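The values are calculated or read from the model by the stated rules, or taken from the named source; none is laboratory data. The structure displayed is predicted, hence computed values, not measured ones. FYI the Cβ positions are ideal-geometry reconstructions off the backbone, even for glycines, and counts take in every protein chain you see. All accessible areas refer to the heavy atoms of the entire protein, side chains included, with ligands and DNA or RNA removed. Shrake-Rupley method; radii C 1.70, N 1.55, O 1.52, S 1.80 Å.
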Amino acid sequence: MEQGTRGELIDRLAEAVGAVTAGAVTTRHPVRVAVDGPPAAGKTTLADELAVVLRARGREVIRATVDDFLVPRAQRYRRGRYTAEGCYFDAHDRAALCRFLLDPLGPGGDRRFRTTAYDAQTDTALSPPAATAPADAVLLFDGVFLLRPELLDRWDLRVLVSVPFEQTVDRARSRDAAPTAAAEIERSWRDRYLPAQRLYAATAHPADHADITVHNTRLQNPSWEVRPG
């Protein structure tokens with residue numbers, strides 16, 4: 001277990017990305033980094049901070065999130081709005097994620113990628129024009145359930161952001177201070193998001209597959225573990 005400042009953590013993650021790149025020169029494809037963890041754990045912030053450092057070091061960074069690979073609401077909530085199974089099994093279009101983004105950027109891919117497959121405003125699927133990534137680009141992809149079996153072998157570096165579940169509820173409340181939002185946040189976390197995370201932990205065991213686990217309870221003084229080997 002290592003501990004340090006926020007900046008030291010980001011530097012350590014950047015070094016890990018560089019190590020993956022150095023070890024994969026002959027494959028000539030972008031490094032695909034998963035930043036996994038429960039809602040409100042700090043995944044997006046961590047990925048954004050890492051993107052700044054990598055760009056400053058001359059790397060082209062592709063930023064994307066699992067929230068842009070949702071399925072339409074009717075499918076997403078077909079088991080009910082407040083169910084763990086619906087959240088874990090039905091919320092995301094994993095086939096589109098692989099087809100649009102992960103496989104094109106992987107070994108043998110043509111590097112023509114799309115970072116979204118869903119329009120939240122219209123609640124419809126999207127197929128935007130593709131862009132082409134350089135071979136030495138880095139994909140920083142944040143979201144929930146990224147280390148599930150269907151996606152596990154499509155990541156070149158796996159980062160798990162760990163926070164006690166109760167703290168994620170507190171962080172969610174602080175993000176939206178409107179009194180009318182409190183009840184919805186509470187129910188969504190208690191009946192959907194946290195039970196889904198427990199289902200994920202019990203079935204996919206993400207902590208066993210993470211290359212780096214970031215303990216993000218103390219944002220400015222985090223600790224982290226690097227898996228040997």
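So which residues in the range 194-214 are more than 19 Å from His92 (Cα to Cα) and open to solvent by less than 50 Å² (accessible area, probe 1.4 Å)? Within the range 194-214, Ala210, Asp211, Ile212, Thr213, Val214 qualify. Only one of the listed residues (Arg55, Arg32, Arg73, Arg28) is loosely packed, with under 15 Cβ neighbours inside 10 Å and within 27 Å of Thr124 (Cβ to Cβ). That residue is Arg73. For the range 143-154, a residue qualifies if it is open to solvent by 10 Å² or more (accessible area, probe 1.4 Å) and touching a residue at least 40 places away in the same chain (Cβ under 8 Å), and the qualifying residues are Val144, Pro149, Glu150, Leu152, Arg154.
Of the residues Ala64, Ala19, the single one that is without any contact (Cβ under 8 Å) to a residue 24 or more places away in the chain, open to solvent by less than 70 Å² (accessible area, probe 1.4 Å) and of a type outside the set (Asp, Glu) is Ala19. Residues in the range 111-122 that are part of a loop (DSSP other than H, G, I, E, B) and either open to solvent by 40 Å² or more (accessible area, probe 1.4 Å) or at pLDDT below 95 (or both): Arg111, Arg114, Thr115, Ala120, Gln121, Thr122.
In this structure, is Ala64 part of a loop (DSSP other than H, G, I, E, B), aliphatic (A, V, I, L, M) and in contact with a helix residue (DSSP H, G or I) (Cβ under 7 Å, 6 or more places away or on another chain)? It is false that Ala64 is part of a loop (DSSP other than H, G, I, E, B), aliphatic (A, V, I, L, M) and in contact with a helix residue (DSSP H, G or I) (Cβ under 7 Å, 6 or more places away or on another chain).
Residue pairs whose Cβ atoms lie under 7 Å apart, sitting 6 or more positions apart in sequence or on different chains, and linking a residue in the range 1-14 that is crowded, with 16+ Cβ neighbours inside 10 Å to a partner that is among the hydrophobic types (A, V, I, L, M, F, W, C) and part of a helix (DSSP H, G or I), are Ile10/Leu50; Ile10/Val53; Leu13/Leu50; Ala14/Leu50; Ala14/Val53; Ala14/Leu54. Evaluating Gly108 against the criteria (1) open to solvent by 60 Å² or more (accessible area, probe 1.4 Å); (2) part of a helix (DSSP H, G or I) leaves one unmet condition, (2).
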